[in-house]
Amino acid sequence: MEYTLPEQFEEFADARKAGFLRVKGLKEQGGKVAGVFCTFTPTEILDAAGFVSVSLCGMSDETIPAAESHLPKNMCPLIKSSYGFALTDKCPYTYFSDLIVGETTCDGKKKMYEMLNDIKPTYILHLPQGYDSDPVTIWTNELRRFIKFLEEKFNVTITDEMLRDAARKRNIQRQTHLKLMELQKQCPPPLGGMQMYATMEGVGFVFTHEERVAKLNALRESVETNADKNQFAGAKRIMVTGCPIGGVLGKTVKAIEASGGVVVCFENCSGIKAAYQMVDTEAEDIVKAIAERYLQIGCSVMTPNKERMKMIPKLVEEYKVDGIVEVDLQACTPYCTETFKVKQLADSLNIPYLAVETDYSQSDSGQLSTRMEAFLEML
Amino acid sequence: MKYFIGIDIGSTCAKTIVMDENKQIVHRLLQPTGWSSVDTAQAIYAKLEEMGINMKEANVVATGYGRISVPYADKCVTEITCHGRGTCFVYGSQDLTVIDIGGQDTKLISVEAGMVKDFIMNDKCSAGTGRFLEVMANTLGLRPEELCQLAAQGSGVSISSMCTVFAESEVISLIGRGEPKQNIAFAVVDSIVKKVASQAGRLTLGKTVCLTGGLCEFDYLCESLGKKLNVTVNTNPDGRYAGAIGAALSAMNVRK
């Protein structure tokens, strides 16, 4: 089948052009692309249905002005950026998605998905947001509904055995990723947070299981043999937690590492939170096992968010953390509100805690770096 | 004589403190930062030399948002650490809470045993800062200190917007409807106090609360802040130099 490129393709920078051609190539070989936004997306099901899942989370302010022609100004920059990319045909993965999969997580995303559906077919999974009302049954039913939808819409068959196989593979990917991140438990850590984050981002756009695992293993081996073990000797060990931070790394992680700190652990979506829990692949009901796995993710859309409150103290100990920096995106009600509870938790652990709220612009970079510097002077 | 110099280049004012080996303050300089902190830093250098200080020998620590624009500084330290240290020196206490209302940001710093334990700074927004007061004073055709004096005689009006731009238009409509100036001034100060108090809710306030920064000489502001927080807010003429004093003290630890 032939696929066409967006009209303004020739105006794009080389890296973006390459991205478009790569996905176009994948589609022309019969590949199907699912655009996803969230750590809650049950990728096992998409794998079993023969989809390649790619993250569509927007990390740049480039498309925000376009998005603001439809969305409110005072809204999370990630949501605006993602929507803006869809609206302007600037993201190859959004452009070539056969399906976008969203979850009812935060209000902003929920409402944005309704509008996104007018640009690209968007399927919504209804995520239960608490633990008191039998969330496993609700979420398992949602996953079954999703399986049925995919089977009917895309004329595929998804068997339990296929799901089990996909879950085994995803578990291997998670374990391999975790092993790479766990190198940072060493004192001093072999990598800076900026370097570690780059490895995590790179793996997100690799299309097959085998390639992903090979790439993660190769990265780990290369760190073990080549990294300068003393480049962060004496640096204060920082844990970063909060919202997805791919769009604000320079103002936060880079600033921490320019002020005598080193980020040893990302609790955020693309970090440990996404890799920590495994699916019980031997369980009798594999769909239920997948559902149970995802419900252990400590995201602030859960109320109360007990998993995050359990995870933070554990990581503080495992990674010998000297200070916690919470980075939240502007207008993210769930995370920004939760800072109060996380501060109380940090106080009880006797670990200094700093929370900042920021967006994708550069206007507050001076203020943020002062805060990061002062926080490190305090440690 | 060896000197220890602290230079605090803020968004509005540049403050310089010269200390001798016995931690005695021998000079205080104050000047507007202007549009170029690099030029300001050079002007301070020239002025200090003129005063007979051997700048090649002196230890210099720079702080404030313009700290990176002081090429002759031996070290840069953030204004959070410097304000903590300087305030302890000015008030002779090692355990206190600093409220610094600066030109472009407001910080609350909790200090225990002379060390910064925790701090809060406003997010990218000028509500509750010196700039907010300055803009409102301008709109009312007053100097900031006049606004604060006048506010003491006002009452009964409040500004609901925290945003400087929106609050300005709110003030303009108050002027338009003929509200007496002192009542508007009251509302302006009240708005700053409320904003600072809500920030204070995220920090454990110590027994001694000290105001630093350019607004610390405005008695009425201190008084209203104290009432709102239910503490005594201490002020001192050296309060606006707290950051520079902290920097000068830091300069004593610099080895050259």
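The values are calculated or read from the model by the stated rules, or taken from the named source; none is laboratory data. Every value quoted in this text rests on a predicted model; they were computed, and no experiment measured them. Positions of Cβ are backbone-derived with ideal geometry, glycine not excepted, and every protein chain shown enters the neighbour counts. Accessible surface is based on the protein model in full, side chains and every heavy atom, while ligands, DNA and RNA are left aside. Shrake-Rupley method; radii C 1.70, N 1.55, O 1.52, S 1.80 Å.
According to the Cα-based calculation, Rg over Rh for chain A is 0.95, with Rh computed by the Kirkwood formula. Build a GNM of chain B with springs between Cα atoms under 10 Å apart, and of B:Lys107, B:Lys194, B:Lys47 the one that fluctuates most is B:Lys47. With each label modelled as a point 7 angstrom along the Cα→C-beta vector, the A:Gln231-B:Arg202 pair spans 3.3 nm. When the listed pairs A:Lys110/A:Lys215; A:Lys120/A:Lys148; A:Lys24/A:Lys251 are checked against a 28 Å cut-off, the alpha-carbon distance exceeds it for A:Lys110/A:Lys215; A:Lys24/A:Lys251. Karplus-derived 3J(HN,Hα) values for the range B:192-198, using 6.51 cos²θ - 1.76 cosθ + 1.60 with θ = phi - 60°, are 5, 4, 4, 5, 5, 5, 5 Hz; glycine and proline are entered as x. For the range A:204-306, the square roots of the Cα gyration tensor eigenvalues, ordered a ≥ b ≥ c, give a/c of at least 1.5 with a/b no greater than b/c, which places it in the oblate category. Between A:Lys73 and B:Lys228, the C-beta separation translates, for a Förster distance of 35 Å, into a calculated FRET efficiency of about 0.70.
Principal axis extents of the Cα atoms in the protein assembly as shown, from largest to smallest and rounded to whole angstrom, are 83, 64, 53. When chain A is treated as a Gaussian network with alpha carbon springs shorter than 10 Å, the biggest mean-square fluctuation among A:Gln29, A:Gln362, A:Gln175 belongs to A:Gln29.
Taking a cut-off of 19 Å, what percent of all Cα-Cα pairs in the range B:180-230 are separated by more than that? Counting pairs separated by more than 19 Å, the tail of P(r) holds 25 percent. The angle between the Cα long axis of helix B:219-229 and the main principal axis of chain B comes to about 80°, on a 0 to 90 degree scale.
For chain A, a simple Cβ point-charge model (Lys and Arg +1, Asp and Glu -1, everything else neutral) yields a dipole of about 380 debye relative to the Cα centre. When the Cα convex hull of the range B:137-195 is projected onto planes of every orientation, the mean area is 3.5 nm².
Taking chymotrypsin sites (Phe, Trp or Tyr not before Pro) across the range A:218-313, none is in a DSSP loop with at most 10 further Cβ atoms lying within 10 angstrom of its Cβ. Each principal axis of the Cα cloud of the range B:1-97 was evaluated for its coordinate range; sorted largest first, these ranges are 37, 32, 20 Å.
Other residues with beta-carbon under 12 Å from the beta-carbon of B:Asn138 carry, at +1 per Lys or Arg and -1 per Asp or Glu, a net charge of -1.
Divide the volume of the convex hull around the Cα atoms of the range A:9-158 by the residue count and you get 113 Å³ per residue. The Cα center of the range A:309-337 and the Cα center of the range B:174-211 differ in position by 32 Å. Within the range B:193-250, none of the chymotrypsin sites (Phe, Trp or Tyr not before Pro) combine a DSSP coil assignment with at most 16 other C-beta atoms in a 10 angstrom radius. Taken across both chains, chains B and A shield about 1600 Å² of accessible surface from a 1.4 Å probe. For the pair the range B:96-122 / the range A:108-161, the C-alpha centres are spaced 47 Å from each other. Here's the list of aspartates and glutamates a cross-link from B:Lys256 could span, going by alpha-carbon distance under 12 Å and ignoring same-chain residues fewer than 8 apart: B:Glu57, B:Asp74. Restricting the range A:105-180 to chymotrypsin sites (Phe, Trp or Tyr not before Pro) that sit in a DSSP loop and have at most 16 other Cβ atoms within 10 Å of their own Cβ leaves A:Tyr131. Using a/c under 1.5 as the rounded threshold, could you call the range A:162-378 rounded, prolate or oblate? The axes a ≥ b ≥ c are square roots of the C-alpha gyration tensor eigenvalues, and prolate needs a/b larger than b/c, oblate otherwise. Oblate is the answer for the range A:162-378, as a/c is 1.5 or above yet b/c matches or exceeds a/b.
Listed by chain and number, the lysines whose alpha-carbon sits under 22 Å from that of A:Lys314, ignoring those within fewer than 8 places in the same chain, are A:Lys179, A:Lys185, A:Lys236, A:Lys273, A:Lys306, A:Lys341, A:Lys343.
Using a probe of 1.4 Å on the protein chains alone, the accessible area found for A:Lys306 is around 90 Å².
If you take the alpha carbon atoms of the range B:131-256 and fit the smallest convex hull around them, that volume is 135 Å³ per residue.
Of all the options B:Glu49, B:Glu79, B:Glu145, the one that moves most in a Gaussian network model of chain B with Cα springs shorter than 10 angstrom is B:Glu49. When B:His27, B:His83 are compared by accessible area at a 1.4 angstrom probe, the order from most to least is B:His27, B:His83. Positive contributions from Lys and Arg (+1) and negative ones from Asp and Glu (-1), summed over other residues with Cβ under 12 Å from the Cβ of B:Asp95, come out at +1.
Our analysis of the range B:47-127 gives Rg over Rh at 1.04, with the two radii drawn from alpha carbon positions and Rh computed by the Kirkwood formula. Considering all C-alpha pairs of chain B, those separated by over 28 Å amount to 34%.
What a 1.4 Å probe finds exposed on the range A:9-158 is 51% carbon and sulfur by accessible area, rounded to a whole percent.
A 1.4 Å probe over all protein chains sorts B:Thr81, B:Thr208 by accessible area into B:Thr208, B:Thr81, starting with the largest. Here chain A is scanned for GluC sites (Glu not before Pro) in DSSP loops (not H, G, I, E, B) that have at most 11 other Cβ atoms within 10 Å, and the longest stretch holding none of them is A:8-281.
Count Lys and Arg as plus one, Asp and Glu as minus one, and take only other residues whose Cβ is under 10 Å from that of B:Met162; the net charge is then +2.
Extending 7 Å from Cα along the Cβ direction at A:Ala18 and again at B:His27 yields two label points whose distance is 5.6 nm. Averaged over its residues, the range A:254-379 has an accessible area of 36 Å² per residue, based on protein heavy atoms and a 1.4 Å probe. Counting, for every residue in A:366-372, the Cβ atoms of other protein chains within 10 Å of its Cβ and taking the mean gives 5.
Charge dipole (Cα centre; +1 on Lys/Arg Cβ, -1 on Asp/Glu Cβ; no other charges) of chain B amounts to roughly 400 debye.
Couplings 3J(HN,Hα) for the range B:161-173, derived from phi with the Karplus relation 6.51 cos²θ - 1.76 cosθ + 1.60 (θ = phi - 60°), are 7, 8, 7, 4, 5, 5, 5, 4, 6, 5, 5, 4, 6 Hz, where x marks Gly and Pro.
A straight Cα-to-Cα reach below 17 Å connects B:Lys195 with the lysines B:Lys107, B:Lys124, B:Lys227, B:Lys228, residues fewer than 8 places away in its own chain not being considered.
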